[in-house]
Amino acid sequence: MGAHHSYAVTVRWPTETVEASSPVAATTSYTAYTRDHDVVVPGRPVLPGSADPAFRGDPQRFGPEDLFVASLSQCHMLWFLHLAAESGLVVREYRDEATGSMRVEARGEGQFTDVTLHPRIVVDASEVATDEHVEELHRRAHSLCFLARSVNFRILVEPAPIHLADPVG
């Protein structure tokens with residue numbers, strides 16, 4: 001059996017800036033309460049959370065759907081960078097403008113139907129700096145990503161052709 005990792009997160013509602021006795025901190029009706037909450041991971045900055053604005057959330061805070069798509073993108077990127085380093089591909093920049101689609105049913109329940117990653121990289125010129133090699137690294141990264149392996153919907157990876165970094169000198 002492999003290594004076991006545990007994660008602890010506290011989700012706190014109402015936030016520390018809203019008193020529990022405040023009218024916005026009570027579920028007296030669907031429109032009465034704040035969706036703002038804090039996501040707390042010990043030893044890290046507090047992440048301001050809320051619902052998606054479509055569900056009465058604050059657009060200035062992070063929604064769970066945004067963080068879900070971001071988590072899938074981060075996981076893929078971290079595996080890709082790992083595999084690139086192992087293969088001798090020197091990556092100078094990585095950017096992914098990931099998108100996700102969620103369907104909400106008539107009764108209110110919903111689910112993600114897909115997430116698409118759009119990784120764009122800048123690499124140093126070398127014998128392994130080919131689109132074919134990069135596509136293989138993306139395939140491997142996708143198959144290794146812990147989060148991608150944990151979801152029940154399709155994740156597409158659509159990498160752009162590589163861009164070569166400007167030579168130094």
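Grab the other residues whose beta carbon is less than 13 angstrom from that of His138, score K and R as +1, D and E as -1, and report the net. Numbers along the way, then the final one.
Working: positive: Arg120, Arg139, Arg140; negative: Asp96, Asp131, Glu132, Glu135, Glu136, Glu158.
Around His138, the charge tally is -3.
Where a ≥ b ≥ c are the square roots of the eigenvalues of the C-alpha gyration tensor, would you call region 14-70 rounded, which needs a/c under 1.5, or, failing that, prolate if a/b is larger than b/c, or oblate?
On the way: a/c = 2.91, a/b = 1.27, b/c = 2.29.
Oblate is the answer for region 14-70, as a/c is 1.5 or above yet b/c matches or exceeds a/b.
For Pro53, what charge total do you get from the other residues with a beta carbon under 15 Å from its beta carbon, if Lys and Arg give +1 and Asp and Glu give -1? Could the numbers behind the result be given before it?
Values: positive: Arg35, Arg56, Arg61; negative: Asp36, Asp52, Asp58, Glu65, Asp66.
My count for the surroundings of Pro53 gives -2.
Counting Lys and Arg as +1 and Asp and Glu as -1, each charge on the Cβ, what is the dipole of the chain about the Cα centre in debye, to the nearest 20?
Numbers: 14 positive and 23 negative charges, 114 e Å.
Dipole of the chain, to the nearest 20 debye: 540 debye.
Which one, Leu144, Leu47, Val122, is farthest towards the positive end of the dipole of the chain when Lys and Arg carry +1 and Asp and Glu -1 on their Cβ?
So the residue furthest toward the plus end is Leu47.
How long is the gain from Met1 to Thr31 if the chain were fully straight, where each residue apart is worth 0.36 nm and the alpha carbon distance is subtracted?
Taking Met1 through Thr31 to full extension adds about 6.0 nm, to one decimal.
Taking the Cβ-Cβ separation of Glu136 and Asp58 as r and a Förster radius of 45 Å, what is the calculated FRET efficiency to the nearest 0.05? Provide the component values of the computation, followed by the final result.
Working: r = 42 Å, r/R0 = 0.93.
Working from the Cβ atoms, E equals 0.60.
Considering the values [x] 27, 18, 15; [y] 33, 15, 13; [z] 38, 18, 16, which represents semi-axes √(5λ) of the Cα gyration tensor in Å as calculated for the structure under consideration?
[z]
Using a Gaussian network model of the chain with C-alpha springs under 10 Å, which one of His37, His76, His138 is most mobile by mean-square fluctuation?
Comparing His37, His76, His138 in a Gaussian network model of the chain, the most mobile one is His37.
How high is the FRET efficiency from Glu86 to Ala160, r the C-beta distance, R0 22 Å, rounded to 0.05? Each step should come with its number before you reach the end.
Numbers: r = 22 Å, r/R0 = 0.99.
In this case the efficiency is close to 0.50.
Using a Gaussian network model of the chain with C-alpha springs under 10 Å, which one of Ala26, Ala129, Ala98 is most mobile by mean-square fluctuation?
Ala26
Given the options Ser73, Ser150, Ser101, which has the most mean-square fluctuation in a GNM of the chain, springs set between C-alpha atoms less than 10 angstrom apart?
Ser150
Taking θ as phi - 60°, what are the ³J(HN,Hα) couplings along region 110-124 by the Karplus curve (6.51, -1.76, 1.60), each to the nearest whole Hz, with x for Gly and Pro?
Calculated HN-Hα couplings, in order: x, 7, 6, 9, 6, 9, 10, 9, 10, x, 10, 10, 10, 10, 6 Hz.
If packing is taken as the average number of other Cβ atoms within 10 Å across a peptide's residues, how do 50-61, 104-115 rank, most packed first? Each step should come with its number before you reach the end.
Numbers: 50-61: 14.6, 104-115: 11.2.
Order by mean packing, descending: 50-61, 104-115.
Values quoted throughout were computed directly from the atomic coordinates according to the rules given, and no laboratory measurement underlies them. Quick caveat: nothing in here was measured; it's all calculated off a predicted structure. Methodologically, a virtual Cβ is constructed for each residue, glycine included, from the backbone with ideal geometry; neighbour enumeration extends over all protein chains shown.
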